[in-house]
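The structure appears below as structure tokens.
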Number of protein chains: 2
Amino acid sequence: MNFCSQCGAPVSFRIPSGDSLPRHVCDHCSTIHYSNPKLVVGAIPEWEDKILLCRRAIEPRHGKWTLPSGFMENHETTAEGAARETAEEACARIEVGEMYSLINVAHISQVHILYRARLLDLDFRPGEESLETRLFSEAEIPWDELAFRSIALSLRLYFEDRRAGQYRFHVADIPAPVHPA
Amino acid sequence: MNFCSQCGAPVSFRIPSGDSLPRHVCDHCSTIHYSNPKLVVGAIPEWEDKILLCRRAIEPRHGKWTLPSGFMENHETTAEGAARETAEEACARIEVGEMYSLINVAHISQVHILYRARLLDLDFRPGEESLETRLFSEAEIPWDELAFRSIALSLRLYFEDRRAGQYRFHVADIPAPVHPA
């Protein structure tokens, strides 16, 4: 951020009085510009013993596999966001179930939330941001070709829970990479 | 938003190509400025059969009671944010426990997350944003003087769970008020 989005004057980066963290502050109109973590919402769409994955047509991780998910939009709920992302990325209709995982990815200021979901039909296909959409059984999951650690962790927990016969809600933190990507 | 925070040129509000929602777009440097929901994180600090509430010294809801909570900051986890807010608003040290509730407040584009927490000592006092900090038993909760519906809902669920002998994780949505405040 270089300029105030309110008045267009240059901003400075300093700790406002009464605050404890540096912010982008406009010395012309006094607006303080806060930056906050972003929510990513998505689904684990189930069809019999398989789940639906999408192969990414966009960066980051172009060509890698992921669960349908993306940035939550204003004026929607987390469940509505999960259904919207599944429609956008896989053109798929789901019934959103229980919240399954909430994963902190603090080094990139993101929180990832995934829901279990029931795929309502097999009429799915790649949306604009996907190269391919496909159902995978546990044995078929392309573990080495998954796009994100939060997705891999959630899928690992999901199949563990399924084998144990009970799905639980999971909260976890993804540590910063030792060698930042 | 009136001006591009990158280059300072005026922005327009329109649907970018390939997108489905209107965004603030800079026609000078082509930056698309996204606005996303904010996370509010907080705690239900427990001491024996009582919980710690703060009376707000700031708007909105100046003078009303709330659980220690506030906007999540970049580069922290949801649990770290809950502990930080409790330290800031009540100068209190807690051990953060299980995530207790996640409440969508879609009409103001917020998601509120509360954790159960163990107050580590009684050395609490109002922080800069609080007028008063106090322990309340269930019978003492000032239900008509609570600041936010998400707080009232979480406390109601909390005491119901406590009576039932088992705390569960709750996901809920707060509807828009019929007469917007």
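The values are calculated or read from the model by the stated rules, or taken from the named source; none is laboratory data. Not measured: the values here are computed from a predicted model. Ideal geometry is used to build each Cβ from the backbone, glycine not excepted, and the neighbour counts take in all protein chains shown. Ligands, DNA and RNA are stripped out before the accessible areas are found, and what is left, the full protein with its side chains, is counted by its heavy atoms. Shrake-Rupley method; radii C 1.70, N 1.55, O 1.52, S 1.80 Å.
In summary, the stretch B:1-158 shows an alpha-carbon radius of gyration equal to 1.27 times the 2.2 N^0.38 Å reference for compact globular proteins.
Compared with its chain on its own, the stretch A:30-44 contains the following residues whose accessible area drops by 30 Å² or more in the full protein assembly (probe 1.4 Å; ligands, DNA and RNA excluded): A:S35, A:N36, A:P37, A:K38, A:L39. For the stretch A:28-108, the square roots a ≥ b ≥ c of the C-alpha gyration tensor eigenvalues yield an a/c of 1.5 or more together with a/b exceeding b/c, which makes the shape prolate.
Chains B and A together bury some 3200 Å² of accessible area, summed over both sides, with a 1.4 Å probe. The Cys residues in chain B with no partner Cys Cβ within less than 4.7 Å of their Cβ are B:C54, B:C91.
Calculate, for chain A, the solvent-accessible area per residue in square angstrom, rolling a 1.4 angstrom probe over the heavy atoms of the protein chains. Mind showing how you got there, number by number?
Working: 8910 Å² over 181 residues.
I get 49 Å² per residue for chain A.
Just check the protein assembly as shown against the gyration tensor rule for me: Cα atoms, a ≥ b ≥ c as the square roots of the eigenvalues, rounded for a/c under 1.5, and otherwise prolate or oblate depending on whether a/b exceeds b/c. Could the numbers behind the result be given before it?
Details: a/c = 1.90, a/b = 1.17, b/c = 1.62.
Oblate.
In whole percent, how big is the carbon plus sulfur part of the accessible area of chain A, probe 1.4 Å, protein atoms only? The partial results should precede the final answer.
Details: 4520 of 8910 Å².
Here carbon and sulfur together make up 51 percent of the probe-accessible area.
Placing a label point 7 Å from Cα along the Cα-to-Cβ axis, A:P16 is separated from the same position in the other copies by 2.6 nm, shortest listed first.
The other copies place their A:R118 label points at 4.0 nm from this one, listed shortest first, where each point is 7 Å from Cα along Cα→Cβ.
Ignore the peptide's own chain and count Cβ atoms of other chains within 10 Å of each Cβ in A:165-172; give me the average, rounded.
Details: counts 0, 0, 0, 1, 6, 1, 8, 1.
Average per residue, whole number: 2.
Before rounding to the nearest 500, sum -39500 (n - 2.57) across all DSSP H runs of length at least 4 in chain B and divide by the residue total; then give [θ] at 222 nm in deg cm²/dmol.
One gets -5000 deg cm²/dmol as the mean residue ellipticity at 222 nm.
Could you report the accessible area of A:W143 in Å², rounded to 10, computed with a 1.4 Å probe on the protein chains as they sit in the structure? Approximately 110 Å² of A:W143 is accessible to the 1.4 Å probe. For A:E132, the distances from its label point to the matching points in the remaining copies are 6.4 nm, ordered from shortest, with each point set 7 Å beyond Cα toward Cβ.
How many percent of DSSP beta bridges within chain A run antiparallel, rounded to 5? Walk me through the intermediate numbers first.
Values: 29 of 43 bridges.
Within chain A, antiparallel bridges account for around 65 percent of the total.
Got a sec? Which residues of the stretch B:51-84 lose 30 Å² or more of accessible surface with every protein chain in place, vs. that chain alone, 1.4 Å probe? Output list: B:M72, B:E73, B:N74, B:H75, B:T77, B:T78.
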